[in-house]
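Undergrad: Pasting in a structure now, in structure tokens, and then I'll have a few things to ask.
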Amino acid sequence: MNSYRKGRLFEYSVRDLLIKSGFDVTRSSGSRGIKDLVAVKNGRVYYVQCKYNYDDALRFINEKKNKICDICEKYGVNFVVAYRPKPKSHKIKFIVVYGNKNEVLEDFSELSVEVMI
């Protein structure tokens, strides 16, 4: 399976998990930008970047942190990165990069979350 297909399937898995947890979710088809998904819960908007593993998630955050903060401040959104903690794992975790910590933890209470803000 090529990396594009693997990434797309992971995005679908994240989307389905968020929907199951009460979010309204839209996928950014063919996304090469800062977000793969837009998720909304309790009136709060989340940009979600999906990375297949933890190392890629951390690399993305380190490289894009300033851009993420600028976009979140400009549009009033929160930002999370979804990743798989282990190769071939079916578990999905989220790193909160930007947002109101208490609100994010409330919206993601059913999910595994690591806060970096």
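Undergrad: Look through region 38-85, keep the residues that are buried (at least 18 other Cβ atoms within 10 Å of the Cβ) and among the polar types (S, T, N, Q), and return whichever of them is farthest from the chain's Cα centre (by Cα).
TA: My answer is Asn78.
Undergrad: May I pose another question? As an exercise: evaluate Leu9 against (1) in a helix (DSSP H, G or I); (2) within 27 Å of Asn100 (Cβ to Cβ) and give the number of the one condition it does not meet.
TA: Of everything listed in (1) in a helix (DSSP H, G or I); (2) within 27 Å of Asn100 (Cβ to Cβ), Leu9 misses just condition (2).
Undergrad: Mind listing whichever residues of region 88-103 are assigned to a helix (DSSP H, G or I) and modelled with pLDDT of 90 or more?
TA: Glu103
Undergrad: List every residue pair whose Cβ atoms lie under 9 Å apart, where the two residues are 6 or more positions apart in sequence or sit on different chains, the first residue falls within region 58-75 and is closer than 13 Å to Val96 by Cα and touching a residue at least 40 places away in the same chain (Cβ under 8 Å), and the second residue, located anywhere, is in a helix (DSSP H, G or I) and of a type in the set (Val, Ile, Thr).
TA: Listed pairs, sorted by first residue: Ile61/Ile68.
Undergrad: Consider Glu103 against the criteria (1) within 19 Å of Met116 (Cβ to Cβ); (2) under 14 Å from the mean Cα position of the chain (by Cα): it satisfies all of them except one. Which criterion is unmet?
TA: (2)
The values are calculated or read from the model by the stated rules, or taken from the named source; none is laboratory data. Nothing here was measured: the structure is a model prediction, and the numbers come from that model. Cβ sites come from the backbone with ideal geometry, for glycine too, and all protein chains shown count toward neighbours.
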